[in-house]
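Undergrad: Before anything else, here's the structure in question.
The values are calculated or read from the model by the stated rules, or taken from the named source; none is laboratory data. If you're wondering where the values come from, they're calculated on a predicted model, not measured in any experiment. Note that we place each Cβ from the backbone using ideal geometry, even for glycine, and neighbour counts take in every protein chain shown.
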Amino acid sequence: MRAAHGKKPRRLAATQSSPLPIAMLPRLCLLALVLALPAGAHAAAPAGEPVKIGFFMSITGRDASFGEAALRGARLAIDDLNAAGGILGRPAQLVVEDNRSLPGESATAVKKLIGRDRVVALVGECASSRTLEAAPVAQAAGVPLVTPASTNPRVTAVGDCIFRVCFADPFQGAVLATYAWKNLGLRRAALLVDASAPYSVGLADVFAKTFSALGGEIVATQKYSGGDKDFRAQLTAIRGTGADAIFLPGYYVEAGLAAKQARELGLKATLLGGDGFEAPQLLEIGGAALEGTVYSTHYSAESPDSASRRFVAAYTARHGAAPVGLAALTYDSVQLIADAARRAGSTDRAALKMALAGTRDFPGVTGRTTLDENRDAQKDAAIIAVRGGRLVFVETVRP
Ligand code: PHE
């Protein structure tokens, strides 16, 4: 009985049993015309239930500059998607959670987004420590999570639901150490490491290994804890070692404060950092003390690529300033999820996960993204230097 019932032929559409009403023909012609247009030209307005994408980031608190940049990138992506017909014809919607830069809050945020909001996928965090908190929750629920900028290798190792659209620290650390040794001629590096952050510990480790392998010397390793404001004790210890470089794998607030205190203490060593330095507030906090600082990041708003040019123009028109790499990576993260839905023909979480894993050569504003078997992307690094009080793009390093 049951099987027979299941096999009962379902009437597909009125078209099968009755001819098309003449009145519908013009509408169908119009639909065909719309579909024939290039994407984004005059797409039909999205309709129906929104496709919810969960977004969690440090929108307030210590790392608010990161959250703000990422949110701007994500919102622009959602608006561009909806202007181009949405996700599979449905409106794309961003559901935003603020973890206030606090430990513990990212896991809670992601639980809410998954359970309460029923998001189909997640975008976040930037800090590796906070993505590492959220990732096991997403993994256990089978919800794909795309991190725009967490570079610690352990992040995507959490499981097959976790994806990354940027380079990872084994590459970034090697790029920095090589640049310091070869291009800047630095030979004696001191490390100032945030012992509470996996990003900082991991990046310091790769830097030290590469720098030593090249023939450089690590003359000191000093520790701090994220949120610290006084680095004088560590810097005084470093002063006694004759270091010509201080590598600080931390975020912009610490970078700015440590730079100021280092100059006050008479240290002349070159300050080096990673992607965590990049925030509009870096120069506001560190000012002239940052002169000569060099750091690596994910993207340059000066890229001549046409997709990037369009993104920079739209972002600048909206916010009055060019996007940082984090904004661009977050834009691409949202677009990548939409692309996966398109390829899967579904917004089902499992289907999205499969399609994301198959991402090859996705053309984004940060270049092409291909996800490898570890769900990681290989992307170029950009070297930025502070010269004359301005951030200057120096060069691109390919993986
Ligand atoms: N890569 C950093 C981390 O993993 C986060 C970061 C990315 C910060 C980009 C700023 C810009 O912790």
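Undergrad: Restricting to the stretch 131-155, name every residue that is in a helix (DSSP H, G or I) and either under 13 Å from the mean Cα position of the chain (by Cα) or over 16 Å from residue 203 (Cβ atoms) (or both). Full working, then the answer.
TA: We begin by selecting, within the stretch 131-155, every residue in a helix (DSSP H, G or I); these are 131-141, 154-155.
Scanning the stretch 131-155 gives 131, 133, 134, 135, 136, 137, 138, 139, 140, 141, 155.
Undergrad: So, residue 177, is that one closer than 30 Å to residue 209 by Cβ and within 13 Å of the ligand (Cβ to nearest atom) or not? Full working, then the answer.
TA: Numbers: closer than 30 Å to residue 209 by Cβ: yes; within 13 Å of the ligand (Cβ to nearest atom): no.
Spelling it out, it is not the case that residue 177 is closer than 30 Å to residue 209 by Cβ and within 13 Å of the ligand (Cβ to nearest atom).
Undergrad: Then there's this: I'm trying to understand the selection: among the residues of the stretch 88-146, which are of a type outside the set (Val, Ile, Thr), over 15 Å from residue 349 (Cβ atoms), touching a residue at least 40 places away in the same chain (Cβ under 8 Å) and away from the ligand (no atom under 16 Å from the Cβ)?
TA: Within the stretch 88-146, 89, 90, 91, 92, 93, 94, 97, 98, 100, 109 qualify.
Undergrad: Which of the residues spanning the stretch 170-185 are of a type outside the set (A, V, I, L, M, F, W, C) and assigned to a helix (DSSP H, G or I)? It would help to see each step written out before you state the result.
TA: Residues of the stretch 170-185 of a type outside the set (A, V, I, L, M, F, W, C): 170, 172-173, 178-179, 182-183, 185.
Answer for the stretch 170-185, where residues must be of a type outside the set (A, V, I, L, M, F, W, C) and assigned to a helix (DSSP H, G or I): 170, 172, 173, 178, 179, 182, 183.
Undergrad: Would you mention how many residues in the stretch 186-227 are among the small types (Gly, Ala, Ser) and touching a residue at least 40 places away in the same chain (Cβ under 8 Å)? Show your work before the answer.
TA: Of the stretch 186-227, the ones among the small types (Gly, Ala, Ser) are 189-190, 195-197, 200, 202, 204, 208, 212-213, 215-216, 220, 225-227.
Applying the additional criterion that residues be touching a residue at least 40 places away in the same chain (Cβ under 8 Å) yields 189-190, 196-197, 200, 202, 204, 226-227.
Counting residues in the stretch 186-227 that are among the small types (Gly, Ala, Ser) and touching a residue at least 40 places away in the same chain (Cβ under 8 Å) gives 9.
For (1) aliphatic (A, V, I, L, M); (2) more than 16 Å from the ligand (Cβ to nearest atom); (3) not assigned by TED's automatic domain parsing to the domain that holds residue 88, each residue gets a yes or a no:
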| residue | (1), (2), (3) |
| --- | --- |
| 308 | no, yes, no |
| 312 | yes, yes, no |
| 329 | yes, no, no |
| 335 | no, yes, no |
| 340 | yes, yes, no |
| 343 | no, yes, no |
| 354 | yes, yes, no |
| 357 | yes, yes, no |
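Undergrad: Hey, another quick one. Considering only the stretch 228-246, I want to know if a residue exists there that is within 16 Å of the ligand (Cβ to nearest atom), assigned by TED's automatic domain parsing to the domain that holds residue 179 and touching a residue at least 60 places away in the same chain (Cβ under 8 Å).
TA: Looking for residues that are within 16 Å of the ligand (Cβ to nearest atom), assigned by TED's automatic domain parsing to the domain that holds residue 179 and touching a residue at least 60 places away in the same chain (Cβ under 8 Å), one finds none in the stretch 228-246, hence no.
Undergrad: Sticking with this one: Can you name the condition, by its number, that residue 182 falls short on among (1) in contact with a strand residue (DSSP E or B) (Cβ under 7 Å, 6 or more places away or on another chain); (2) more than 14 Å from the ligand (Cβ to nearest atom); (3) of a type in the set (Lys, Arg)?
TA: (1)
Undergrad: Can I ask one more? Restricting attention to the stretch 265-283, report how many residues are of a type in the set (A, V, I, L, M, F, W, C), more than 9 Å from the ligand (Cβ to nearest atom) and assigned to a helix (DSSP H, G or I). Steps first, please.
TA: At the first step, the residues of the stretch 265-283 found to be of a type in the set (A, V, I, L, M, F, W, C) are 265, 267, 269, 271-272, 277, 279, 282-283.
Adding the requirement that they be more than 9 Å from the ligand (Cβ to nearest atom) leaves 265, 267, 269, 271-272, 282-283.
Still in the running and assigned to a helix (DSSP H, G or I): 282-283.
Number of matching residues: 2.
Undergrad: If you scan the stretch 156-169, which residues turn out to be under 10 Å from residue 374 (Cβ atoms), outside any loop (DSSP other than H, G, I, E, B) and within 11 Å of the ligand (Cβ to nearest atom)?
TA: Within the stretch 156-169, 164 is the sole residue that qualifies.
Undergrad: So in the stretch 185-227, with the set limited to residues that are away from the ligand (no atom under 16 Å from the Cβ) and of a type in the set (S, T, N, Q), which one is farthest from residue 132 (Cα to Cα)? Working first, answer last.
TA: Narrowing the stretch 185-227 to residues away from the ligand (no atom under 16 Å from the Cβ): 185-191, 208-223.
Checking which are of a type in the set (S, T, N, Q) leaves us with 210, 212, 221-222.
Working: 210: 25, 212: 29, 221: 25, 222: 24 Å.
Of everything passing the filter in the stretch 185-227, 212 is farthest from residue 132 (Cα to Cα).
Undergrad: Please note which strands (runs of 3 or more DSSP E) are completely contained in the stretch 342-399 and include at least 2 residues that are out of contact with any helix residue (DSSP H, G or I) (no Cβ under 7 Å at 6 or more places or on another chain). Step through it out loud before you land on a result.
TA: On the way: elements: 362-364, 367-369, 381-387, 390-397.
The strands (runs of 3 or more DSSP E) meeting that bar are 367-369, 381-387, 390-397.
Undergrad: Here are some residues: 149, 141, 92. Which one is within 25 Å of residue 61 (Cβ to Cβ) and either touching a helix residue (DSSP H, G or I) at 6+ places or on another chain (Cβ under 7 Å) or of a type in the set (Phe, Trp, Tyr) (or both)? Spell out the reasoning first.
TA: Values: 141 fails: within 25 Å of residue 61 (Cβ to Cβ); 92 fails: within 25 Å of residue 61 (Cβ to Cβ).
Result of the check over 149, 141, 92: 149.
Undergrad: All but one of (1) modelled with pLDDT of 95 or more; (2) farther than 22 Å from residue 211 by Cα; (3) of a type outside the set (A, V, I, L, M, F, W, C) hold for residue 300; which doesn't?
TA: Residue 300 satisfies every listed condition except (1).
Yes or no, residue by residue, for (1) in contact with a strand residue (DSSP E or B) (Cβ under 6 Å, 6 or more places away or on another chain); (2) part of a helix (DSSP H, G or I); (3) surrounded by 23 or more Cβ atoms within 10 Å (Cβ to Cβ):
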position	(1), (2), (3)
59	yes, no, no
68	no, yes, no
71	no, yes, no
77	no, yes, yes
94	yes, no, no
102	no, no, no
109	yes, yes, yes
122	yes, no, yes
